[in-house]
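The values are calculated or read from the model by the stated rules, or taken from the named source; none is laboratory data. Since the structure is predicted, the reported quantities are computational estimates derived from the model, not experimental observations. Because the Cβ atoms are built from the backbone with ideal geometry, glycine has one as well, and the counts that use them run over all protein chains shown. The accessibility values were calculated without ligands, DNA or RNA, using every heavy atom of the protein model including side chains. Shrake-Rupley method; radii C 1.70, N 1.55, O 1.52, S 1.80 Å.
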There are 6 protein chains.
Amino acid sequence: MGNTRVLCAVSVEDRVPNFLRGKGTGWVTAEYAMLPRATHTRTPRESVAGRIGGRTHEIQRLIGRSLRSVTDMAALGERTLTVDCDVLQADGGTRTASITGAFVALALACEKIRATDLARTVPNEGLLAAKLREAGLAQRRAIRQGVAAVSAGVVGGSVLLDLAYAEDSRADVDFNVVMTEDGRFIEVQGTAEGAPFDRATLDHILDAAGAGIRDLFAVQREALRLAGVAVPT
Amino acid sequence: MGNTRVLCAVSVEDRVPNFLRGKGTGWVTAEYAMLPRATHTRTPRESVAGRIGGRTHEIQRLIGRSLRSVTDMAALGERTLTVDCDVLQADGGTRTASITGAFVALALACEKIRATDLARTVPNEGLLAAKLREAGLAQRRAIRQGVAAVSAGVVGGSVLLDLAYAEDSRADVDFNVVMTEDGRFIEVQGTAEGAPFDRATLDHILDAAGAGIRDLFAVQREALRLAGVAVPT
Amino acid sequence: MGNTRVLCAVSVEDRVPNFLRGKGTGWVTAEYAMLPRATHTRTPRESVAGRIGGRTHEIQRLIGRSLRSVTDMAALGERTLTVDCDVLQADGGTRTASITGAFVALALACEKIRATDLARTVPNEGLLAAKLREAGLAQRRAIRQGVAAVSAGVVGGSVLLDLAYAEDSRADVDFNVVMTEDGRFIEVQGTAEGAPFDRATLDHILDAAGAGIRDLFAVQREALRLAGVAVPT
Amino acid sequence: MGNTRVLCAVSVEDRVPNFLRGKGTGWVTAEYAMLPRATHTRTPRESVAGRIGGRTHEIQRLIGRSLRSVTDMAALGERTLTVDCDVLQADGGTRTASITGAFVALALACEKIRATDLARTVPNEGLLAAKLREAGLAQRRAIRQGVAAVSAGVVGGSVLLDLAYAEDSRADVDFNVVMTEDGRFIEVQGTAEGAPFDRATLDHILDAAGAGIRDLFAVQREALRLAGVAVPT
Amino acid sequence: MGNTRVLCAVSVEDRVPNFLRGKGTGWVTAEYAMLPRATHTRTPRESVAGRIGGRTHEIQRLIGRSLRSVTDMAALGERTLTVDCDVLQADGGTRTASITGAFVALALACEKIRATDLARTVPNEGLLAAKLREAGLAQRRAIRQGVAAVSAGVVGGSVLLDLAYAEDSRADVDFNVVMTEDGRFIEVQGTAEGAPFDRATLDHILDAAGAGIRDLFAVQREALRLAGVAVPT
Amino acid sequence: MGNTRVLCAVSVEDRVPNFLRGKGTGWVTAEYAMLPRATHTRTPRESVAGRIGGRTHEIQRLIGRSLRSVTDMAALGERTLTVDCDVLQADGGTRTASITGAFVALALACEKIRATDLARTVPNEGLLAAKLREAGLAQRRAIRQGVAAVSAGVVGGSVLLDLAYAEDSRADVDFNVVMTEDGRFIEVQGTAEGAPFDRATLDHILDAAGAGIRDLFAVQREALRLAGVAVPT
């Protein structure tokens, strides 16, 4: 996304958090971090500080919620998928870039899991795969539809999408919008950085964000197509 | 706010965070916590866990941003106002109740500071008060206008405001809206808990939230009037 | 207790710490904290510091020991009762006020547990309740007698009870005395803040504390009576 | 003290905690720890747990208070004396052994400081030494009198002093008494481990502790005499 | 280095650690971390654990020592250069790859600093640059010679260099060797993973490592040449 | 070792770390710490800092590896032996002194375990002892041969062994060598503190270290002989 580069990787474990144990459904969670020199001046590591900051917590909760909203947890079986979003280079919009990229990684991982579950010959298939097959879940795609996100803001009176750092620091209004491929909202977060904003500005921003996200869905589909994976339309 | 009860208290210190030192302006920050038995089943203390959770970070950042948006930092001088919002009893909407209550506490504190700055006789007034008087800032009100917040949600197809815990846990869509008294937005946060929501639902929710917040401004003004303080209209 | 106000709440869980597992007896523990603005100048939160201070540890151990000394652990069954003592306003003597108040909360909780255990009809009673009934423990009261505490000190040569903050900071000798309703001691803690104190002073203080605590027992009994609970004499 | 062995060492720094800065007086503080294998079964290190436990906090606060009660802070000048009490072998009574031993180490350190301050030739003496000499404080002894401590308990109906671990774990009542050489109290801490104790028991324990501590003063004086240091009688 | 990929970045600050303040010399330090999915199975983040592990500490101390050994601290002036080594993909030898790569990043940074110091026109040059120019240090190169490192091991009786993860886990002996371009040693670390090793094996390994490191110096020089920077021969 | 004094103690537990569970073999691990006043100026406790420093981690990993290299893990059965090395007084070479001393403590503990396993009468022997006897492991000695360590350095052009603190701080090259009694290496760590060192210096140091360590084996054997324990030659 411009000069913002995020490495997204999915890890799969055959266990779920305590509150889901025994319910037969899976979980998707996310972690987010920045390399210290992703930013223009060096940001100290959170491992050195000994605690994860509020901004990081907020972002990884948002990524997790966004991904879960388009995932069929029953089709995963009792598995946890952890999506690591590590920012190598930051130039604004790292949280929305993380969501958009994480979806591609998640879709690839889900298809790989499904292919493996289906391919196992009955005699030596895993316990989890057997249970999913029996329930008819191994055939089901875990991804229901696409999800993508974009940042938007008002800079000098104009609505801009995917703000670079220099634009973002001058913005009066700062929005993050997460949408599904059917044009509905998963998350809308808008903050007045300077003066409060009115309803007309909000409407204008949501229109622009919707158009921008439609472009991102095309990019995601192309990336998945190149990797040999299709998401349902 | 219904069965949700939050104790809001302001503390004033004659110093500012490092990034503001020497700039002549003040700062407003907030801390948020719940008593362990504010909730129906006991929630472990964050001091015992040894770290503040992501949800707490997210909430206190929201309260701080909301209060700063209506405060004239130059009129405060180099002072930090810390607003503690401690939830004694929680029945949904603790973050929006915190914002609405914190504003009343902040307005009371700002008026008390202004009265003290103005009342000092020149010979023995403090250094900060002297500088503010000279700059004509001691006369200025630090609070520009009111700010209040309400939670909103869609439960069983209907839009509800100020959801109680039982309603909140069944909601499909969960919004927090922070507005200023002139009818503009400070913050809009909307999350799909179940299915994604469409633009019409978003519009409906914002209409309802705007009406609800107008009622809260009347309650805030009444509380301030009883304490002998007026906010500018 | 004067201007000191402590909110005491009991939480019940059907499990015990590791060292008691399988022994058929319960446990009573306490946590203590102050709201940041309970004190005249703001005290930073222990959750922000990331660790619980020595003073807090010392106080919550004292509260726990005091409550356990009058509780029949076998009558509780394998349950843990956690008593949260949260200081809303502090004007001296917060640890002794916590003990005196926590006893009332504990006695109410124990009676509520006993009533529930006795009321269950045999077919669907819980496993723990069944075991207690069988052992004849459900009929037994868990509270053996009352416990209360008072602070005492020597200020300007006079022995005072329940010192306010302004008195406490001028005291030469600082005592905390915890007694049972039958006039015996659970805990005696006396510290010379300035000059050491002699045996006569110690005797004088213990006499005064004993008289003061007798008054507190009357207040506790009245509070329990109003809530419809009696403690054995 | 029997099989309990504590290594006590004093470190001197030419600075004081913030709350004393510029007041011209010194500070005495203590730290307490146990080697992991001081106890019969290994105790995990607090450095591994990442936090100092409540018991450790309680003990090092007690040691510090006891030592400060017999020290003339003005005679120290703006210096901090840190007394490390490290338990090499634990067989009951480690906190009282720490106080009794720490006093000897403190008295040795104070005399060494005084000798150094007096011996400096005027031309190149340190700033702090010069100020103390001018104020006539360098001549003054920082130690006013001795302080020592003993544990006491009631085991099987008898009052015992300096309980070994095996005795301590069977005790019904557990006391720690800290006294000055003139026969007065610095600290009295008594806890009912089993049944509450009455006033007669308390009196009996204090009598026995007073006698025991008198013996410890003789041991301390002998240790100081062997090291060539006298404390005022 | 094979499938091991490390991102090395240098950050420059105009301040030094406390122990060097006012001595006119600089400092070079390093931080090392792995992305959670650099490894074949996911490694939890150290920021989540809240502490940096022993292995990380050991590695970043080694990188820092290696880089400092070839740097002229006086030529840096009072600046700290922090080298971040972040492992994107790990397949054995991440610490030696970090040293070899970090040297290139350090040499580039030092030349950039020197060029900037020399280019400043006298009127508005910084205080530090002016002091360095006056002392003739701005002309001096901070890098004295190259430094590179290689891992070596004995696998199935043969000495191998730059072991991949699969080889490393079968190695009987595990060495890390850091050398300067003039063929001398900065660090030799050899560990018997299985049976102890004899002097002949050690000699064999050091010969092989020396030859391998000579190849790495050629690669480093080529990388620096492409970036337009030369290191003295 | 000169003025360096380290207290070494072994603790035995009938459990192993997770990665060894069910494999029938034991584990040897080490912890290392210094008393705050072991050093000439006081070193703050790691428990107060709340984290174990990099140097400590590095040292305790080295001690553990050295001890494991001469221990037959199968002969221990599923037991963990933790060796605590606590430095009471530090004058250089604390890590090598810890290894040399820890071996003596470990050999004593292993012989004590073996004697206990062999002495048990069959009817009431423990489960672990029974399994070991059956497998013929109780007869086997867990210690295969001796291990000892020495520090070495180049000071003013001469190679020195077991450097005192004053020598160590002037050394150009700093080595730690761990060897087994059959003259082979467990660990070789050499660091250039000032200028890099050449191969001839390395050879010279290893020769000297080998000779020094042979002397240490004699001292260890004498210590074990006095305690009535023999190690195989």
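Here is how the numbers come out for the structure above:
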item: Whether region B:63-109 is rounded, prolate or oblate, judged on the alpha carbon gyration tensor where a/c under 1.5 counts as rounded; result: prolate
item: Tilt relative to chain D, helix D:199-226 - C-alpha long axis, 0 to 90 degrees, to 10; result: 40
item: Amide proton proximity set for B:Val28, modelled H, under 5 Å, gap of 5+; result: B:Leu81
item: Interchain or long-range residues, amide H under 5 Å from D:Gly2's placed H; result: none
item: Tail weight of P(r) past 42 Å, computed on alpha-carbon pairs of the protein assembly as shown, percent; result: 60
item: Efficiency of FRET from Cβ geometry, C:Asp182 and F:Leu20, R₀ 51 Å, rounded to 0.05; result: 0.40
item: For region A:144-160, Karplus couplings with θ = phi - 60° (6.51, -1.76, 1.60), whole Hz, Gly/Pro x; result: 7, 6, x, 9, 8, 9, 9, 8, 9, x, 10, 10, x, x, 9, 7, 10
item: Order of exposure, largest accessible area first, which applies to A:Leu20, E:Leu7 with probe 1.4 Å; result: E:Leu7, A:Leu20
item: Note, ³J(HN,Hα) from phi for region B:13-19, Karplus 6.51, -1.76, 1.60, rounded to Hz, x at Gly and Pro; result: 10, 7, 8, 10, x, 3, 5
item: Prolate/oblate/rounded call for region F:1-109, Cα gyration tensor, a/c under 1.5 rounded; result: prolate
item: Exam field: D:Arg55 pseudo-label spacings to other copies (7 Å along Cα-Cβ), nanometres; result: 2.4, 3.0, 3.4, 3.4, 4.3
item: Those residues of region A:1-39 for which accessible area with every protein chain present is at least 40 Å² below the isolated value (1.4 Å probe); result: A:Ser11, A:Glu31, A:Leu35, A:Arg37
item: 1.4 Å probe accessible area per residue over the protein assembly as shown, in Å²; result: 43
item: Axis-proximal residue, chain E, for the rotation superposing E on B (Cβ, Å); result: E:Gly50, 5
item: Protein accessible surface hidden between D and C, which excludes ligands and nucleic acids, total in Å², probe 1.4 Å; result: 2700
item: Sites matching trypsin sites (Lys or Arg not before Pro) across region D:166-233 that sit in DSSP coil, with at most 11 neighbouring C-beta atoms within 10 Å; result: none
item: Chain D, helix-only ellipticity at 222 nm - DSSP H runs n ≥ 4, -39,500 (n - 2.57), divided by all residues, nearest 500; result: -12000 deg cm²/dmol
item: Nonlocal amide H pairs with F:Val173, under 5 Å, H built at 1.01 Å; result: F:Val154, F:Glu193
item: Mean separation of Cα contacts under 8 Å, 6 or more apart, over the residue count of region C:1-122: relative contact order %; result: 46
item: Debye-sum result for region B:178-233 in log10 I(q)/I(0), which assumes one identical scatterer on each alpha carbon, at q = 0.14, 0.18, 0.19 Å⁻¹; result: -0.51, -0.71, -0.75
item: 0 to 90° range, to nearest 10: angle between helix A:54-68 axis and chain A longest Cα axis; result: 50
item: C-alpha long axis of helix C:94-119 to longest principal axis of chain C, angle in °; result: 10
item: Size of charge dipole - region D:1-132 - debye, nearest 20, with Cβ of Lys, Arg +1 and Asp, Glu -1, no other charges; result: 300
item: For chain F, radius of gyration divided by Kirkwood radius, i.e. Rg to Rh on alpha-carbons; result: 1.01
item: 7 Å along Cα→Cβ, label-point gaps from F:Ala218 to other copies, nm, shortest first; result: 4.9, 5.1, 8.6, 8.6, 10.0
item: Karplus-derived 3J(HN,Hα), 6.51/-1.76/1.60, for each residue of region E:25-39, Hz, glycine and proline x; result: 10, x, 8, 10, 9, 9, 10, 10, 7, 10, 4, x, 9, 5, 8
item: Other-copy label distances relative to F:Arg15, 7 angstrom Cα-Cβ extension, nm; result: 1.6, 1.6, 4.3, 4.5, 4.6
item: Under 27 Å from A:Lys23, Cα to Cα: lysines that are on another chain or at least 8 residues apart; result: A:Lys112, A:Lys131
